[in-house]
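Reading through the structure tokens given below for one structure.
The values are calculated or read from the model by the stated rules, or taken from the named source; none is laboratory data. This one's a predicted model, so the numbers in the text were calculated from it and none came from an experiment. All Cβ positions, glycine included, derive from the backbone under ideal geometry; neighbour counts span all protein chains shown. Calculation scope for accessible area: heavy atoms of the full protein, side chains included, ligands and nucleic acids excluded. Shrake-Rupley method; radii C 1.70, N 1.55, O 1.52, S 1.80 Å.
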Amino acid sequence: MTSSSSEVTTNANGQENLLEVRDLQMHFPVTSGLVFQKTVGLVKAVDGVSFSIAKGETLGLVGESGCGKTTLGHCVLRFNKPTAGQIHYKGEDLTKASGRRLRELRKDIQMIFQDPYSSLNPRMTAGQIIGEPLTIHGLAKGRTDERIAEILTLVGLSPEMASRYPHEFSGGQRQRIGIGRALAVDPSFIVCDEAVSALDVSIQAQIINLLKDLQRKLELTYLFIAHDLAVVRHVADRIAVMYLGHIVELAPRDPIYDEPLHPYTKALLAAVPVPDPEVEMKREHVIIKGEVPSPLNPPSGCVFHPRCPIADEKCTQTIPELREVRPGHWAACLKV
Amino acid sequence: MSALLEIQDLQTHFQSDMGTVKAVDGVSYDVEAGETLAVVGESGCGKSVTALSVMRLIPNPPGRIVGGQVLYKGRDLLTLSNDEMRKVRGQEIGMIFQEPMTSLNPVLSIGKQLMEPLTEEMGMTKQQARERAIELLASVEIPDPARRLNQYPHHFSGGMRQRVMIAMALSCDPSVLIADEPTTALDVTVQAQILELMKQLTKQRGVALVIITHNLGVVARYADRVNVMYAGRVVERSSARAVYGDPRHPYTLGLMRSVPRLDHPITEDLEQIDGQPPNLAALGQGCAFQERCRFAIDKCAEERPELIEALPDHYSACFVATELGTTPTNQSQASTS
């Protein structure tokens, strides 16, 4: 693949960045009126987000509903055209790419969806679902069936299953088909949007293991969007925590879990119950108050201040910058 | 100790194109006054259908309670008339559902929905019911309750709606509260708030709480006793400590090991339970878990194990239950199914 410009950057360890997002904004207008629509407000779903993902790395993106994590994923895939900012993929700015170029790029950037029930066409067989992207991109001509069989085996299904329809599969098997569809065109980068959230615990572990296994085999890079902190800890190398359109903390895995800096990250971690009564008995249960405010009317200053246990006067006025508090460990909080 | 609610050999079947689905296939468990009991299991294990059967809310057709008893204070709820059952719902047993948005009527104000059972069932006057409704909203920590009484469900956030549902379920002073996945649709910080609130309110009022969930963390934090369900049956039952600390059913053991934990070091791969949940319309004569079980013996394919007391006050429906305790904790790296 050719790059129109050579803006490939490297991270602190000298690894090449596959994706680099700079100051990304995605605002949705809220309109009123049936005939003469006028904009009455703006939902700042993603509001000035920057991060990068190195080749072969998994970046976990966590946050609660409405924090903008899915919108961010959609921007990277260019389902949405961002309001402002840049998304450099292999050095090429996706926000400037044409429709035709985007179609080419989607060979390289794929997505795995949350719901294995609604993301597969019930009228297509597993083989057709996996074969469709091959046809669209003109790949594996003349050996489509062979490729489908290959993919089915890769995701832990058997080639004979190609003729079956989605309703004949269980939830976990359907998610394997969804993964197979994403892998069919041999991408290098995959956005996993809550890819294991809808699955039962016993099946979830199978799919997490499969995704990690595929990453090793195929040298994949993941943007792993999820709300489950324990799951993200298992798959991600680095983690970004989002709240109301902003990244509030960004660090390698262990520092995020062992020494979280941002009060929101701390609150999230404290809220997750550990599956062990002995541990839970000894644990202190600090519960933050309130719920995520409406993104239509976000709080002034630090967006987290109304729920923050350590916020003071200054936090209500000043918007904290995401800054590098320790090497590689970024946080957006005035108090750290 | 006498049980407040006792489910005995309950069987609820559904008719489908694929045949009879035995969603609940001989479930027995009891709930004691003031305790928190968890019913844990994955989708399709029958945990919700059991609860709906207790409330006699199974849509018929396609569903039907075909056997068993549900004894509440010694009375079999399955033999009550519809009118008698109406009084049990709410006044004796309250229920909270997963989706607070779909359980509230969108075109009626919160106040109206809260006051209806108070005037209809409890015989209060409008004024009394209004005062009680304000009290109830205050008890679930909804700020400015008098004003919010006149608002509609869409004015409330997800967490606030679930608080309203709790207020409603407790409005007629039931002795048992059944909460079916009460926090699954909520964010993790709100989930913690709601669970703490439920635990605290039921403790205060001496209400027995039954939490139905798939979340092993929630069970560990809140439950006194646990029933683990699989394929329409209870496969393990004991105190939460015993079930988590010394699981005696291979399915429970598998669940505990496959869930990623924040307090454990990260292993390269998670231990997984291989295979898929069974088809409930085509269960064989053996143990429903045997195909996925790494401890299965020949007998498991031929005969279905009954729930028996494997250790003192620790029940398991497994032929090898007593041997499981000696299993090394990290014994397998299973392959993908």
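Need the C-alpha centroid separation for segment B:40-79 versus segment A:202-248, integer Å.
For segment B:40-79 versus segment A:202-248, the Cα centre distance is 38 Å.
Run the dipole for chain B about the Cα centre, Lys and Arg Cβ at +1, Asp and Glu Cβ at -1, nothing else charged, and hand back the magnitude in debye, nearest 20.
940 debye
Mind ranking A:D312, B:D25 by accessible surface for me, highest first, 1.4 Å probe?
Listed by decreasing accessible area, they come as A:D312, B:D25.
Which of the helices in chain A meet the span-like rule: DSSP H, Cα axial reach of 24 Å or more, Kyte-Doolittle mean at least 0.0?
Helix filter hits for chain A: A:201-218.
Would you mind getting me the FRET efficiency between A:R100 and A:E321? Use the beta-carbon distance for r and R0 = 25 Å, nearest 0.05.
E between A:R100 and A:E321, to the nearest 0.05, is 0.05.
Rounded to the nearest 500, what is chain A's calculated 222 nm mean residue ellipticity when only DSSP H runs of at least 4 contribute -39500 (n - 2.57) each, over all residues?
Computed ellipticity for chain A at 222 nm equals -8500 deg cm²/dmol.
Once you have the alpha carbon radius of gyration of the protein assembly as shown, what is it after dividing by 2.2 N^0.38 Å, with N set to its residue count?
Its radius of gyration relative to the 2.2 N^0.38 Å reference: 1.01.
Using a 1.4 angstrom probe with every protein chain in place, what is the largest-first accessible-area order of B:I266, B:I7?
Reading off the accessible areas and sorting them downward yields B:I266, B:I7.
Could you size up the charge dipole of the protein assembly as shown around its Cα centre, putting +1 on the beta carbon of Lys and Arg and -1 on that of Asp and Glu, and report it in debye to the nearest 20?
1740 debye
For chain B, what is the relative contact order in percent, using Cα pairs closer than 8 Å and at least 6 residues apart in sequence?
It rounds to 20 percent for chain B.
Return the ratio Rg/(2.2 N^0.38 Å) for segment A:183-245, where Rg is computed over Cα atoms only.
1.13
Just to verify a number: FRET efficiency for B:K203 and B:D313, C-beta to C-beta distance, R0 = 25 Å, to 0.05?
0.65
Which of B:L270, B:C287, B:L201 sits closest to the plus end of the dipole of segment B:197-298, meaning its Cα is farthest towards the positive end, when Lys and Arg get +1 and Asp and Glu get -1 on the C-beta?
Farthest towards the positive pole: B:L201.
A:E219 versus A:D258, label points 7 Å from Cα toward the beta carbon: distance in nm?
Output for this residue pair reads 3.0 nm.
Summing +1 for each Lys or Arg and -1 for each Asp or Glu, what net charge is found among the other residues whose Cβ lies under 10 Å from the Cβ of A:S197?
My count for the surroundings of A:S197 gives -4.
Can you run the Rg to Rh ratio on chain A? Use alpha carbon positions and the Kirkwood inverse-distance Rh.
With Rg and the Kirkwood Rh in hand, the quotient comes to 0.98.
For peptide A:259-271, how many partner chain Cβ atoms fall within 10 Å of a residue's Cβ, on average?
Across A:259-271, the average partner-chain Cβ count within 10 Å equals 2.
Among residues other than B:L253 whose Cβ falls under 10 Å from its Cβ, what is the net charge (Lys/Arg +1, Asp/Glu -1)?
0
Would you mind getting the Kirkwood hydrodynamic radius of chain B from its Cα pairs, rounded to one decimal in Å?
When all Cα pairs of chain B are included, the Kirkwood radius is 21.3 Å.
Please work out the ratio of the alpha-carbon Rg of segment B:46-141 to 2.2 N^0.38 Å and round it to two decimals.
1.26
When you take every Cα atom in segment A:211-334, what is the radius of gyration, and what is Dmax, the widest Cα pair distance, in Å?
16.1, 52
For chain A, calculate the relative contact order in percent as a whole number, restricting contacts to Cα pairs under 8 Å that are 6 or more residues apart.
19 percent
Say the dipole of segment A:67-148 comes from +1 at the beta carbon of Lys and Arg and -1 at that of Asp and Glu; which of A:Y89, A:L139, A:A126 then lies farthest toward its positive end?
The listed residue farthest towards the positive side: A:Y89.
Provide a whole-number value for the mean count of partner chain Cβ atoms within 10 Å of the Cβ atoms in peptide B:251-262.
Partner-chain Cβ atoms within 10 Å, mean over residues of B:251-262: 5.
Just counting partner chain Cβ atoms within 10 Å, what average do the residues of peptide A:167-176 show around their Cβ?
2
For the pair A:F79/B:E303, report the inter-label distance in nm, with labels modelled 7 Å from Cα in the Cβ direction.
Label-label distance for A:F79 and B:E303, simple model: 5.3 nm.
Please grab the % of Cα pairs in segment A:100-236 that end up more than 28 Å from each other.
Summing the P(r) of segment A:100-236 above 28 Å gives 12 percent of all pairs.
Might you work out the accessible area of B:L262 for me, using a 1.4 Å probe with all protein chains in place, and round it to the nearest 10 Å²?
Roll a 1.4 Å probe over it and B:L262 shows about 40 Å².
Put +1 on the Cβ of every Lys and Arg and -1 on every Asp and Glu Cβ in chain A; which of A:L152, A:L322, A:L296 then has its Cα farthest towards the positive end of the dipole?
Looking along the dipole axis, the top candidate is A:L296.
Under a straight-distance cross-link criterion of Cα-Cα below 20 Å, which aspartates and glutamates are reachable from A:K141, leaving out those fewer than 8 residues away in the same chain?
Those aspartates and glutamates meeting the cut-off are A:E104, A:D108, A:E132, A:E150, A:D186.
Using the Cβ atoms and a cut-off under 12 Å, what net charge is assigned to the surroundings of A:V231, where Lys and Arg are +1 and Asp and Glu are -1?
Spelling it out: positives minus negatives among the neighbours equals +1.
With the cut-off at 28 Å, tell me which of the pairs A:K55/A:K289; A:K282/B:K199; A:K38/A:K314 have Cα atoms farther apart than that.
A:K55/A:K289; A:K38/A:K314
State to the nearest 20 debye the size of the charge dipole of segment B:25-171 about its Cα centre, where the only charges are +1 on K and R beta carbons and -1 on D and E beta carbons.
Computed about the Cα centre, the dipole is about 460 debye.
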